[in-house]
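The values are calculated or read from the model by the stated rules, or taken from the named source; none is laboratory data. Worth saying up front: this structure is predicted, and the values here are computed from it rather than measured. We place every Cβ from the backbone using ideal geometry, glycine too, and count neighbours over all the protein chains shown. Surface areas here come from the heavy atoms of the whole protein model, side chains and all, with no ligands, DNA or RNA. Shrake-Rupley method; radii C 1.70, N 1.55, O 1.52, S 1.80 Å.
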Amino acid sequence: MTLHRITLRDGADLDGFRKAVRRLVHEELAPQHVVFDVEAAPDLFGGEAAGEASPISLPRSLSEMIGRVVCHRDPERYALLYQLVWRVLNGERELLDIATDPLVHRLELMARAVRRDLHKMHAFVRFRRIRDAELERFAAWFEPEHFILEAAAPFFVDRFRSLDWTILTPIGSAHWDRDKLTYGPPARREDAPAEDEFEDSWRGYYESVFNPARVNPVAMRAEMPKKYWRNMPEAVAIPGLIQTASQRVERMIEQEATMPAKRTPERALEAMWDQEPKTLEELNAIIAKAGPLVPGATQAVFGEGPAHADIAFVGEQPGDQEDLQGRPFVGPAGKLLTRALTEAGIDRSHTYLTNAVKHFKFEQRGHRRIHSKPTTGEVKHYRPWLMKELELVRPKLVVALGATALLALTGKATPITRSRGRAKFGAWEGYVTVHPSYLLRLPDEETKREAYAAFLADLRRIHDLALADPDTGELPLAAE
Amino acid sequence: MKELPVDEKLAKKLRILADAAKYDASCASSGAPKRKADPDGLGSTTGAGICHAYTPDGRCVSLLKILLTNYCLFDCAYCVNRRSSNVKRAKFSVDEVVTLTIEFYKRNYIEGLFLSSGIIRSPDYTMEQMLLVVKKLRRDHGFRGYVHLKSIPEASPWLIEEAGLWADRLSINLELPTEASLGRLAPEKDGASIEGAMAQMHERILESKQERRHFSPAGQSTQMIVGADDTTDADVLRTSAKLYGHYDMRRVYYSAFSPIPDSSSVLPLKPPPLMRENRLYQADWLLRYYGFDVDEIASGGEKGMLDLEVDPKLAWALKNRHLFPVDVNVAEREMLLRVPGLGARAVDKIVVARKHTTLRLEDVARLTSGLKRARPFLITADHHPQGRLDRLDLRETLVEKPEQLSLFA
Ligand code: SF4
């Protein structure tokens, strides 16, 4: 039988190889009857490319290996790959699992060499700004070991999408104009800029992070082989760093054990620990500066009420009205709360009202902003602020309105029904009841009336509990 | 070469503040979710991280690792930046750090920023300045590269909450493995607040994963200095096991205390051998990926210290010879992982390949570079160590001649 000759394009001709494999498999040509040639501008299979054979299905791991190995410089790569394909299609479907097979092992080593070259290209390309260019433009000269330019370029697109850049190599060039990636002919080193204004700083950085006490050039060369050095601006520093390392260490050791300078700036040290916000205004300024955790809110809505109120009510988060007005409990639920407070004999202006979460979170539906419940993580994000806030208000009784407030006050998610009534929130005396918005959501009038009555009863107890004994300052809590 | 217009002052600061940051071993840029730049933005993350250069100490340069300032009010004895040290000081402005990060990034020098700082004015003030840097990068420059923030445990808890929103990884250095050493060598630090901050970060990282929100998605890491006090390797590893278990640390870094310029007199005079650090890293891997526990690892050495001459797996195997030899063709994966010289990847390949074929010694040789160490402990289709395991000089035949090893291989 005569040898069948396949001619492929110079470089990584994945497409040509794929087509060739289809044909060869179709015609049942065993590897020993096929030779692969490489040419700069092949005359596509001597004209026989016209009729394309139908695709063949290969295991995924094999396709991946082909994709890598075609980039390798070894002229035998196509022949080896075809041997592998042939064996997989002729009874050894699981051949790639046998990493110890000599052919698989050899191809795996080739694939690994290509992956490594790719990785090193991603790492070691150094862009230089093209001076005098009107827009910010960059170019780099790089010498890859294998035919990896096209495999490597998408990484740079993902990373430098907003920049205009060119990578020049001896096997071709890649250019990104912030819109399209195009490939061009091989280039020369002189085509790239010879310097860059940040290279001195970069070299300075590189020199400074080296620790002379741990000099280990073998380990360095294993990861950054010498062949890459000439295109890396920092590499010129290497010989000097190695040469002076032992000297520098000796000098440090000689200098060792100096007496510590007596530097105890008492005032500064004391001031350092005095960093906590001292007033609600200071705390609120910090919250305002941090901005909303979930974007959208108009403003942070802070707590409201006298600084040392007896009762602090903690709700969930500001709603639509609160967000616009910048005050807590002014929407429908807030109005209901105010009414209930009055009926229970509590003067709203004497209490402190706040929310677990300080920003409105919503979903936009048409013109309406629909409240959406904060997640556990979001509630906890605001929790340190709430704790500080209560520390500054120092109420006698802290009331959790609803499950979110309860979560914020205890750090744990617990259902309201099980904990309704008196509670302890850390050091604070507490009380758990429903959120007024719950009353608004109830479907029929009957349950609504009942729930409202229960809520009122809770508020009356809260009122009683918060009445401290004017002499001892103690709550009449033990009396129950 | 022609002089180019460089901001000399900035370059000088960079040298000081990079030098001051280099004692932090962590440089990893891994673990972030894959991201790509927006059409107007800059930066991506690949998941695995990239080392953009290596310095002659064999360490990887991945991030621009700098301090915002090396002025510090604290006085930690092991640190070059402690207030009583006589080093040169400098402070970056927020904009200077942003410029350096962006310009270095555009030239493909780095994967992103690792920002740390000495404590000036107050922990909160310092942390706020660091946050400003990250916010500017992310908001004003659409920067999607990697950001690692070294948080200050003494800062208010809400600042740690905020840090996690912007950074890919947070870390707090434990620095010393025991509370007692911390008290002696770092008087202003407090073990409880360090662990408190770690717990807070851990809790938030878990929640945000469930809620698919961004909070330090690449997790948290920490560092311990080895050799500045008399803690044994076993106790160091016990602390690590606790950190991995309680706070789900991605990495614990070990940094052999090394001579620093203008060193303090309360520190030991001699640095520990670098090999100790190397052995701790190997032991750490055994802990995380090979199913060993601390006591087993410690049993390979003497008096709580690891064997410096052989790696910890080999040390353990030499003292547990009765469990060997192991047959590559039939042994459980767990047992294969305990064979010296066989890495986890080689073991996985063995387990797959042996379903289809019977392995010989030359097959194993294709999968590992540690065959010399593995040989006496292995049975293959054509090999049995016979009496070699019982030989008294087995250890001697396996000790590698001292050569410098790569630390992060
Ligand atoms: S707090 Fe301690 S470890 Fe950190 S920079 Fe200051 S002296 Fe160094």
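The single condition from (1) in contact with a strand residue (DSSP E or B) (Cβ under 8 Å, 6 or more places away or on another chain); (2) open to solvent by 20 Å² or more (accessible area, probe 1.4 Å); (3) not in a loop (DSSP other than H, G, I, E, B) that A:Val314 fails is (2).
For region A:323-337, residues that are closer than 7 Å to A:Val301 by Cβ and open to solvent by less than 20 Å² (accessible area, probe 1.4 Å) total 2.
If a residue counts only when it is open to solvent by less than 10 Å² (accessible area, probe 1.4 Å), which strands (runs of 3 or more DSSP E) contained entirely in region A:352-447 have at least 1 such residues? Lay out the reasoning, then the answer.
Values: elements: A:352-355, A:362-365, A:368-371, A:397-401, A:421-425, A:428-433.
Hits in region A:352-447: A:352-355, A:397-401, A:421-425, A:428-433.
Within region A:135-165, the set of residues being of a type outside the set (A, V, I, L, M) and farther than 20 Å from B:Pro39 by Cβ comprises A:Trp141, A:Phe142, A:Glu143, A:Pro144, A:Glu145, A:His146, A:Phe147, A:Glu150. In the set (1) open to solvent by less than 60 Å² (accessible area, probe 1.4 Å); (2) not assigned by TED's automatic domain parsing to the domain that holds A:Arg22, the condition left unmet by A:Asp132 is number (1).
Just name the residue that is farthest from the ligand (Cβ to nearest atom) out of those in region B:174-191 that are buried (at least 19 other Cβ atoms within 10 Å of the Cβ) and part of a loop (DSSP other than H, G, I, E, B). Taking the candidates together, the pick is B:Pro177.
Residue count for region A:195-210 satisfying the condition of being open to solvent by less than 30 Å² (accessible area, probe 1.4 Å) and more than 30 Å from the chain's Cα centre (by Cα): 1. Among the residues of region B:350-372, those identified as surrounded by 22 or more Cβ atoms within 10 Å (Cβ to Cβ) and under 31 Å from the mean Cα position of the chain (by Cα) are B:Ile350, B:Val364, B:Leu367.
Assess whether A:Met110 counts as being under 16 Å from A:Lys227 (Cβ atoms) and open to solvent by less than 30 Å² (accessible area, probe 1.4 Å).
Working: under 16 Å from A:Lys227 (Cβ atoms): no; open to solvent by less than 30 Å² (accessible area, probe 1.4 Å): yes.
No, not satisfied.
Within region A:291-303, identify whether any single residue is under 30 Å from B:Leu159 (Cα atoms), part of a loop (DSSP other than H, G, I, E, B), within 11 Å of chain B (Cβ to nearest Cβ) and in contact with a Ser or Thr (Cβ under 6 Å, 6 or more places away or on another chain), and answer yes or no. Among the residues of region A:291-303, not one is under 30 Å from B:Leu159 (Cα atoms), part of a loop (DSSP other than H, G, I, E, B), within 11 Å of chain B (Cβ to nearest Cβ) and in contact with a Ser or Thr (Cβ under 6 Å, 6 or more places away or on another chain), which makes the answer no. Residues in region B:102-123 that are part of a loop (DSSP other than H, G, I, E, B), more than 16 Å from the ligand (Cβ to nearest atom) and either of a type outside the set (A, V, I, L, M, F, W, C) or open to solvent by 10 Å² or more (accessible area, probe 1.4 Å) (or both): B:Arg107, B:Asn108, B:Tyr109, B:Glu111.
Here A:Ser173 meets the list (1) open to solvent by 20 Å² or more (accessible area, probe 1.4 Å); (2) outside any helix (DSSP H, G or I) almost entirely, failing just condition (1). Contact annotation: residue pairs with Cβ atoms under 6 Å, 6 or more positions apart or on different chains, pairing a residue in region A:262-283 that is under 13 Å from B:Pro123 (Cβ atoms) with a partner that is among the charged types (D, E, K, R) and outside any loop (DSSP other than H, G, I, E, B), are A:Gln275/B:Asp124.
Hey, any hits in region B:80-94 for a residue that's within 16 Å of the ligand (Cβ to nearest atom) and free of Cβ contacts under 8 Å to residues at least 24 places away in the same chain? Break it down into steps so the answer makes sense when it comes.
Residues of region B:80-94 within 16 Å of the ligand (Cβ to nearest atom): B:80-92.
Filter once more, so that each one left must be free of Cβ contacts under 8 Å to residues at least 24 places away in the same chain: B:83.
Yes, region B:80-94 contains a residue that is within 16 Å of the ligand (Cβ to nearest atom) and free of Cβ contacts under 8 Å to residues at least 24 places away in the same chain.
The residue that is nearest to the ligand (Cβ to nearest atom), counting only those in region B:48-77 that are open to solvent by less than 10 Å² (accessible area, probe 1.4 Å), at the interface with chain A (Cβ under 9 Å from one of its Cβ atoms) and part of a strand (DSSP E or B), is B:Ile66.
Looking at the structure I just gave you, is B:Ser171 small (Gly, Ala, Ser) and either in contact with a helix residue (DSSP H, G or I) (Cβ under 9 Å, 6 or more places away or on another chain) or crowded, with 23+ Cβ neighbours inside 10 Å (or both)? Steps first, please.
Details: small (Gly, Ala, Ser): yes; either in contact with a helix residue (DSSP H, G or I) (Cβ under 9 Å, 6 or more places away or on another chain) or crowded, with 23+ Cβ neighbours inside 10 Å (or both): yes.
Considered against the rule, which asks whether it is small (Gly, Ala, Ser) and either in contact with a helix residue (DSSP H, G or I) (Cβ under 9 Å, 6 or more places away or on another chain) or crowded, with 23+ Cβ neighbours inside 10 Å (or both), B:Ser171 comes out as yes.
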